[in-house]
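See below for the structure under consideration.
The values are calculated or read from the model by the stated rules, or taken from the named source; none is laboratory data. From a predicted model like this one, the values you see are computed outputs, not experimental measurements. Reconstructed Cβ throughout: ideal geometry from the backbone, glycine too, with neighbour counts over all protein chains shown. The protein model used for the area step is the full one, side chains on, heavy atoms only, and it has no ligands, DNA or RNA in it. Shrake-Rupley method; radii C 1.70, N 1.55, O 1.52, S 1.80 Å.
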Amino acid sequence: MTQPSFPPLFSGLDAGGADPFALACAQAQGVCDAGLVTYDLAHDRLRAAIVFAPEVNLRDAACMLPLCGAGFQNALGAIGPPEVAVHLGWGGEIYLNGGHCGDLKIAASDPDPDTVPAWLVVGLSLELWPPSQDTGLTPDATALYAEGCGEVDPIILLEAWVRHTLVEINAWADDGPARLHRNWLGVAHGRDTEMTIAGHRGTFIGIDENLGLLLKTGDGSRLIPLTALLTEPA
């Protein structure tokens, strides 16, 4: 299999069928370099993860989750058919033409929002083929190749994801979160609908300046920070 090529300062590590997110967390705990991209390219699913070394506290660094989502949206938009709509859920969900197609998740060395973490990992999982040819059994779920993207090479998509994520990182470092805030809201899935996030149920009405979720609840409104999405290091 052809090995993916990444921008300077990024390096690749084939997980060989193992979970790239778990591998990236293990490598980060072992003090690997930032920019490591772990990946597993199976016939039916693309999985990958990126290791970051934040220079800001976790409260701010957690925006790498929606930032990687924006990178994916830009990547598929650049190489996929123009009629395919890509939207992002606040919890890391990826939607193609309204169907749930993949997810992003995040882990860090320290869950304290005020601490600068030694490392942070964002993982990507994307379904390439639906589990069944009878897609009517799962109308809310889809896969890349079920949405007219049969010509999209998963290696090219992986490379594009890293490349476009780097563009978003540079813009965030130069200009702060304003561009990311604007771009993410432009492709947000589920606005003005009810959802349950981190044990709280309400209507998704927007995001704050740090991309925290604003929920309208029965007794007012509630802000849920991105750090509520942290998972345990795999």
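Tell me, what ³J(HN,Hα) does each residue in the stretch 209-225 have, in order and in whole Hz, if you take phi through Karplus 6.51 cos²θ - 1.76 cosθ + 1.60 with θ = phi - 60° and put x for Gly and Pro?
Along the stretch 209-225, the couplings run 5, 9, 6, x, 7, 9, 10, 8, 10, x, 10, x, 9, 9, 9, 10, x Hz.
What does the charge count around Gly17 come to, taking other residues whose C-beta lies under 15 Å from its C-beta (Lys +1, Arg +1, Asp -1, Glu -1)? All intermediate terms of the calculation are to be shown ahead of the outcome.
Working: positive: Arg45, Arg47; negative: Asp14, Asp19, Asp40, Asp44.
The answer is -2.
Translational diffusion coefficient of the stretch 147-203 at 25 °C, 0.890 mPa s, Stokes-Einstein with Kirkwood Rh over Cα pairs, in µm²/s as a whole number. Can you show the working numbers first?
Numbers: Rh = 14.3 Å.
The diffusion coefficient I find is 172 µm²/s.
Would you mind calculating the gained length between Gln3 and Asp219 on full extension (0.36 nm times residue separation, minus the Cα-Cα distance), in nm to one decimal?
The Gln3-Asp219 span can extend by a further 72.5 nm.
Given a cut-off of 17 Å, what percent of all Cα-Cα pairs of the stretch 85-223 lie beyond it? Spell out each step's value before the answer.
On the way: 6665 of 9591 pairs.
Pairs farther apart than 17 Å: 69 percent.
At R0 = 25 Å, how high is the FRET efficiency between Arg59 and Asn97 if r is their beta carbon distance? Nearest 0.05 is fine.
Values: r = 34 Å, r/R0 = 1.35.
Efficiency, from the Cβ-Cβ distance: 0.15.
How big, on average over all directions, is the shadow cast by the Cα convex hull of the chain, in nm²?
Numbers: hull surface 51.4 nm².
Mean shadow area of the hull around the Cα atoms is 12.9 nm².
Would you work out which of Pro117, Ser11, Thr203 lies farthest towards the positive end of the dipole of the chain, given +1 charges on the beta-carbon of Lys and Arg and -1 on that of Asp and Glu, about the Cα centre?
The residue sitting most towards the positive pole is Thr203.
Could you list the GluC sites (Glu not before Pro) in the stretch 30-122 that lie in coil according to DSSP, counting only those with at most 12 other Cβ atoms within 10 Å of their Cβ?
Values: sites: Glu55, Glu83, Glu93; in loops: Glu55, Glu83.
For GluC sites (Glu not before Pro) across the stretch 30-122 that sit outside H, G, I, E and B with at most 12 neighbouring Cβ atoms in 10 Å, the list reads Glu55, Glu83.
For a Förster distance of 35 Å, can you work out the FRET efficiency between the beta-carbons of Thr203 and Val167, rounded to the nearest 0.05? Spell out each step's value before the answer.
Numbers: r = 32 Å, r/R0 = 0.93.
After rounding, the FRET efficiency stands at 0.60.
Could you go through the stretch 63-72 in sequence order and give the Karplus-derived ³J(HN,Hα) for each residue, using 6.51 cos²θ - 1.76 cosθ + 1.60 with θ = phi - 60°, rounded to whole Hz, and x for Gly and Pro?
5, 4, 5, x, 5, 5, x, 4, x, 5
Say each of Thr193 and Val84 gets a label point 7 Å from the Cα, pointing the same way as Cα to Cβ; how far apart are those two points in nm?
For the pair Thr193/Val84, the computed spacing is 2.0 nm.
For Cα pairs less than 8 Å apart in space and 6+ apart in sequence, what is the mean separation divided by the residue count of the stretch 1-115, i.e. the relative contact order in percent?
Details: 144 pairs, mean separation 20.7, N = 115.
18 percent.
Per residue, how big is the convex hull around the C-alpha atoms of the stretch 9-140? Give it to me in cubic angstrom, could you?
Values: hull volume 15.8 nm³, N = 132.
About 120 Å³ per residue, rounded to a whole number.
Local charge sum around Cys101 (other residues, Cβ-Cβ under 10 Å, Lys/Arg +1, Asp/Glu -1)? Can you show the working numbers first?
Numbers: positive: none; negative: Glu93, Asp103, Glu127, Glu147.
Net of charged neighbours comes to -4.
Suppose accessible area is computed on protein heavy atoms with a 1.4 Å probe; arrange Asp33, Asp208 from highest to lowest. Can you show the working numbers first?
Details: Asp33 125, Asp208 30 Å².
Accessible-area ranking of Asp33, Asp208, largest first: Asp33, Asp208.
Taking the Cβ-Cβ separation of Thr231 and Leu13 as r and a Förster radius of 22 Å, what is the calculated FRET efficiency to the nearest 0.05? Before the final figure, lay out the partial values.
Numbers: r = 20 Å, r/R0 = 0.92.
Once the sixth-power term is evaluated, E becomes 0.65.
Kindly write out, for the stretch 33-43 in residue order, the coupling ³J(HN,Hα) from the Karplus curve 6.51 cos²θ - 1.76 cosθ + 1.60 (θ = phi - 60°), rounded to whole Hz, with x marking Gly and Pro.
Result, rounded to whole Hz: 6, 4, x, 5, 10, 9, 7, 9, 10, 8, 5.
What's the center-to-center distance, using Cα atoms, between the stretch 87-132 and the stretch 21-50 in Å?
Their Cα centres are 13 Å away from one another.
Taking 8 Å as the Cα distance limit and 6 or more residues as the minimum spacing, I'd like the relative contact order of the stretch 76-234 as a percentage.
Relative CO of the stretch 76-234 lands at 21 percent.
Can you pull out the trypsin sites (Lys or Arg not before Pro) in the stretch 132-221 whose DSSP state is coil and whose Cβ has at most 16 other Cβ atoms within 10 Å? Could the numbers behind the result be given before it?
Details: sites: Arg163, Arg179, Arg182, Arg191, Arg201, Lys216; in loops: Arg191.
Of the trypsin sites (Lys or Arg not before Pro), the ones in loops of the stretch 132-221 whose Cβ has at most 16 other Cβ atoms within 10 Å are Arg191.
Return the long-range amide H neighbours of Ile94 (sequence gap of 5 or more, or a different chain), with a cut-off of under 5 Å between placed amide H atoms.
The list, which skips near neighbours in sequence, is Gly89, Cys101, Gly102, Asp103, Leu104.
For the chain, give the magnitude of the charge dipole about the Cα centre (Cβ charges: +1 Lys/Arg, -1 Asp/Glu; no others), in debye to the nearest 20.
On the way: 11 positive and 29 negative charges, 54 e Å.
Computed about the Cα centre, the dipole is about 260 debye.
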